[in-house]
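Peer 1: My questions will all concern the structure given below.
The values are calculated or read from the model by the stated rules, or taken from the named source; none is laboratory data. Given the structure is predicted, the values throughout are model-derived calculations rather than measurements. Cβ: placed from backbone, ideal geometry, glycine included. Neighbour counts: every protein chain shown.
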Amino acid sequence: MAQTNPRDRLACGWQGRYTSRVLNLANLLSLARVPLGVAFVPLAARPSAALLVLALAALTDMLDGWLARRKPPPTDWGQWLDPLCDKFFIIAVMAGLYLSQHPSLGVLLPILTREAAILLLFLVYRLVPSLRSIRYDYRAHNLGKATTVTQFLTAAALLLQYSAGAILSALCAVLGLLCAAVYAKRGHLLAHAQKSISNGD
């Protein structure tokens, strides 16, 4: 009999304590980024407190993925809940930075390139009749994870008023566009596969 990895046993133990029919611990950690995002807005004027919120959000982001990979969730909510909470949090962070630090929009807006591109893709998905029936795969891609990490680093640099913030912002834009391209390709492949099934290929 194959032995279970100790980390897998630990993850399953944690999940077992907090899993319900609807949500598990990974889902709850994702949802924690919603109040953290709300808290960041008034705290952005206090860099030390805002950095703590960023660190807690980053920790929940790492832990929810770690847990979800080691025990399947009771529903498929986690596939879209995690990226949705990520986007809410980063938009709240940008709002807090704008209100407290007053960075240039030329620095701030590129950070949200991925969010803007994915919103556009979602509108296409909803408006094109042939795409509405597709069961999209919301699992995070490595580029998406890299974009999130870069967004967090950019927010920290802007909080501390480091000049690297502008460079990291541009990197967010590049990664965001690449990420959107990956997700668009994923949708195209799913649509093609569904069409093949419908045609009996």
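Peer 1: Output the residues belonging to segment 154-165 that are under 15 Å from Thr113 (Cβ atoms) and either free of Cβ contacts under 8 Å to residues at least 60 places away in the same chain or charged (D, E, K, R) (or both).
Peer 2: Thr154
Peer 1: So for segment 116-126 (the condition being more than 20 Å from Arg33 (Cβ to Cβ), surrounded by 18 or more Cβ atoms within 10 Å (Cβ to Cβ) and either within 15 Å of the chain's Cα centre (by Cα) or modelled with pLDDT of 85 or more (or both)), does at least one residue qualify?
Peer 2: Yes, that holds for at least one residue.
Peer 1: Restricting the search to segment 161-200, which residues are at pLDDT 75 or above and of a type in the set (Lys, Arg)?
Peer 2: The answer is Lys185, Arg186.
Peer 1: In contact with a Cys (Cβ under 7 Å, 6 or more places away or on another chain), on the phi < 0 side of the Ramachandran plot and either of a type in the set (A, V, I, L, M) or at pLDDT 75 or above (or both): which single residue out of Val41, Val34 fits that description?
Peer 2: Going through Val41, Val34 in turn, just one is in contact with a Cys (Cβ under 7 Å, 6 or more places away or on another chain), on the phi < 0 side of the Ramachandran plot and either of a type in the set (A, V, I, L, M) or at pLDDT 75 or above (or both): Val34.
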